1. Taking the 0 to 90 degree range and rounding to the nearest ten, how far is the long axis of helix B:205-215 tilted relative to the main principal axis of chain B, both from C-alpha atoms?
2. For the Cα atoms of chain B, what angle does the longest principal axis make with the long axis of helix B:297-318, in degrees from 0 to 90, nearest 10?
3. Which peptide among B:178-188, A:29-39 comes first, and what is the full order, when sorted by highest mean count of other Cβ atoms within 10 Å?
4. Just need log10 I(q)/I(0) for the stretch B:173-271 at q = 0.10, 0.13 Å⁻¹, Debye formula, equal scatterers on the alpha-carbon atoms, no solvent, rounded to two decimals.
5. To the nearest whole number, what is the average tally of beta carbon atoms from other chains within 10 Å of the beta carbons of peptide B:2-10?
6. Order of B:Ser416, A:Ser27 from fewest to most other C-beta atoms within 10 Å?
7. Using only the alpha-carbon atoms of the stretch B:236-327 as identical scatterers, what base-10 log of I(q)/I(0) does the Debye formula give at q = 0.13, 0.16, 0.24 Å⁻¹?
8. Could you work out, residue by residue across A:54-66, how many beta carbons of other chains sit within 10 Å of that residue's beta carbon, and then give the average as an integer?
Amino acid sequence: MTFHDALFLILATASAVSALGVVVSSSIIRSAIWLLFMLMGVSGLYFFLGAEFLGAAQLIVYVGGTMVLVVFGGMLTTRGPFDHVPVGLVGWVLGGGLSLALFALLVQASLSFVSHPRTDTALPGTGPLGLTLLGVPETPGQTAYLLPFEIVSIHLLVVLIAAAYLARAKRRPTSTHPEADHG
Amino acid sequence: MKSLADVQNALLAGAVHFVLPEVVLVGTACLLFVLAVVYPRRTAAVGLALIGLTWAVALTYSVGSGETTAFWAFVEGTPYSPHLLAAIDPTGLAALIRWLALASGFIFVLLAWPEIQDHNAGEYLGCLLVMIAGSSLIGRVNDLVSLFLALEMVSIPTYVLLYLPLRGRGEQEAAVKYFLLSILSSGVLLFGFSYLYGLTGTTNLGALLAVLSAAHQHAITPMALIAILMVIAAFGFRISAVPFQFYAPDVYQGGPTGVVAQIAFIPKFIGFVALVRVLGLVIRPQDGLPFEASTTLIPLVLWVMAIVTMTFGNVLALLQDDLKRLLAYSGIAHSGYMLIGIVVACGLPGNSTPALSGVDATLFYLIAYGLMTVGAFALILYWNSQERPIRTIDNLGGLGESHPLSAALMTVFLFSLIGMPMTAGFAGKFMLFVSAFEAPVEPPMQNLYRILAVVAAVNAAIGAVYYLRIVGVMYLRDPLHPVSSARRAVLPLFAACLCAIGTVAFGVYPRLIADSTQQATPLVEVPGNAAVVARM
Amino acid sequence: MVEFGFPAFLVLSAFLFACGLTCLATKRNAIGILMGVELILNAANLNFVAAARFVPTFRLEGQVFAVLVIVLAAAEAAVALAIFLNFYNNHATVNVENATDLKG
């Protein structure tokens with residue numbers, strides 16, 4: 001076993017175990033911590049695959065940003081109406097069974113995939129990635145991704161406005177109900 | 001001769017011209033967001049939104065068919081196919097989808113009027129315009145990345161819109177439910193896309209489909225099968241097909257009516273458009289359909305989905321008393337009818353040229369469904385007032401006397417939903433049934449298609465029961481509450497009038513739309529392009 | 001020794017996907033369901049990046065897709081937090097009323 005393979009095994013096992021931890025923890029905060037480790041494991045796999053920028057983005061944006069939001073959400077609402085609802089045996093058997101069956105199916109399909117030989121040329125670095133997002137394809141025949149880049153910035157704008165609006169409206173509780181529905 | 005790089009650069013530089021109306025819409029949305037801060041007035045926001053939409057319409061009109069000509073001009077004299085190279089593809093469905101999106105935008109701005117106030121008008125209409133721009137993009141983006149993001153461009157504003165107007169408990173539950181299921185469907189869709197990318201190594205939709213159909217001439221690989229089933233499941237959520245429909249009744253019942261009208265039309269509309277595009281039904285690759293190969297598995301899956309969806313929707317609609325819940329189940333049933341066209345198109349042999357390709361019938365029905373359902377919601381919005389809320393069917397009692405005009409409009413919509421002759425609903429159902437009955441396929445499948453048409457006809461008869469019940473209540477029952485003299489917003493009534501005119505016009509003279517839906521879905525084939533496909 | 005190639009990554013991502021689905025099926029908490037969706041998104045992203053590494057054609061597309069999905073996941077989490085907190089506030093109004101009065 002080469003160093004490469006050992007590294008992959010370690011990272012993959014870490015991610016898989018953490019993912020399982022997310023599922024089996026009954027407390028939301030614990031699940032969130034497991035998810036954190038899962039995200040780190042996946043980020044390690046990105047580095048392993050030679051996608052340094054993605055690995056870094058995963059660490060900075062996902063682990064550092066998104067997860068903080070999720071953990072906040074968890075902490076602010078854990079006393080809420082649906083805290084610590086134990087999952088019945090039926091739920092586990094049904095959900096787990098279905099997922100297991102799907103997993104078996106996916107594994108079968110994955111193993112039947114005709115594997116490409118590993119090419120050892122590294123993935124392009126951050127420079128080409130940035131250029132293609134700005135609509136400058138590196139080589140002929142390559143697609144440029146200016147449009148998706150612009151669309152995603154519109155998403156962020158809408159989300160920003162929405163979050164600001166929802167947060168602002170919270171401070172004016174009941175006065176803004178025109179036809180409040182309490183039925 | 002131009003080189004591949006030249007063609008690509010030209011396509012890239014020209015791409016901006018293919019999305020100008022969408023850019024205008026998003027720009028107007030940005031202005032609305034700013035306006036909401038500096039001058040929060042409902043009238044100003046609605047006026048600005050209408051100006052933006054009109055500008056977009058003017059741009060679309062001035063472009064006309066010029067974009068298609070420009071698109072082909074880029075590759076003139078070269079052996080390359082632009083469908084396999086361009087990021088944006090203005091041929092085929094694209095123009096029709098843009099017109100539809102813009103038209104629905106006008107109607108939804110009119111419907112928004114009674115539900116928005118000065119303090120949320122800018123945000124509401126801004127989100128609405130972003131949604132319209134996104135749904136217009138779905139008809140023309142030619143890249144998996146853009147397609148996924150354009151779908152999200154519709155979903156994310158929807159979450160916000162569900163939350164903006166009213167803040168009762170029911171709405172919030174509806175919003176949370178819709179949000180969770182919607183991000184789940186996006187996740188499943190993304191997973192399916194990741195398999196498609198893994199199989200082909202390209203995200204260009206045209207190239208991806210060409211590679212897949214070349215690879216699937218004899219048998220479909222298990223991975224591609226799983227991928228496309230995941231994609232169908234994810235779009236099944238958006239078109240609320242069984243078994244992904246369970247959110248619909250709660251969301252329709254709990255959500256604010258104007259937004260529910262949007263949810264009843266836009267996700268279905270984009271779901272069907274994206275589905276036919278990913279299945280390769282619009283621009284057919286030369287080697288046959290990418291996911292059909294020699295098997296009939298995908299048409300069979302869709303066949304079962306269509307039958308179960310329409311039957312489930314119709315039977316459960318019979319049991320409803322809540323008006324919006326009833327319309328939710330009716331929407332599910334109509335998704336089942338629309339799936340018929342997709343089933344037919346999926347099973348068409350490569351060299352056949354039937355009068356109806358299936359996709360055109362689905363598109364026609366989609367337009368008819370949009371007109372009649374949105375019209376019905378517009379009237380609910382118009383009748384609803386604080387003293388006299390419209391929730392159950394019984395609330396409609398006596399409207400035939402107190403509001404003769406709007407009750408007559410409602411009758412038009414309900415007759416169209418039933419599929420009475422002289423309405424768009426009839427023309428659409430007729431096209432769908434004929435496309436299933438006349439599909440040029442081999443005997444085992446042919447019988448299945450005929451069964452499908454028969455089941456659909458039986459379902460249409462079941463549907464008549466609950467729609468006629470509403471008509472009966474409006475005209476024969478006494479009102480539950482005294483008629484209120486409160487001033488009503490006229491704009492929803494105006495929107496309903498527009499929808500009714502469309503319903504009747506397209507019913508009496510279906511060619512008005514049928515011609516453009518047929519032109520939008522030609523049975524032409526794209527040659528596999530050696531230069532691009534050879535990358536594999 | 002067998003090399004771990006593309007199929008190994010596919011199996012791992014399939015496992016993450018199955019975990020995500022189980023989360024959705026068993027968790028009753030909205031945040032828990034959101035975490036399940038994050039698992040699914042990461043599974044898809046892993047597929048994209050691994051495919052970009054092993055499919056010997058284009059190198060950038062998978063990475064671009066993954067970057068944009070990370071951004072999108074962040075956006076969705078922000079909306080999710082806004083919606084869930086509002087939901088929580090509204091649905092616990094009976095109990096939280098005193099607290100808001102005290103804060104003024």
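Bear in mind these aren't lab numbers, they're just calculated from the coordinates by the rules spelled out. Just so you know, these numbers come straight off a predicted model, no measurement behind them. In this analysis, Cβ positions are derived from the backbone assuming ideal geometry, glycine residues included, and neighbour counts consider all displayed protein chains.
1. 60 degrees
2. Helix B:297-318 sits roughly 0 degrees off the main axis of chain B.
3. Final packing ranking: B:178-188, A:29-39.
4. Those come out to -0.35, -0.54, one per q.
5. Shielding by partners across B:2-10 averages 2.
6. Lowest count first: A:Ser27, B:Ser416.
7. Log10 I(q)/I(0), no solvent term: -0.55, -0.75, -1.26.
8. Mean number of neighbouring Cβ atoms from other chains: 4.
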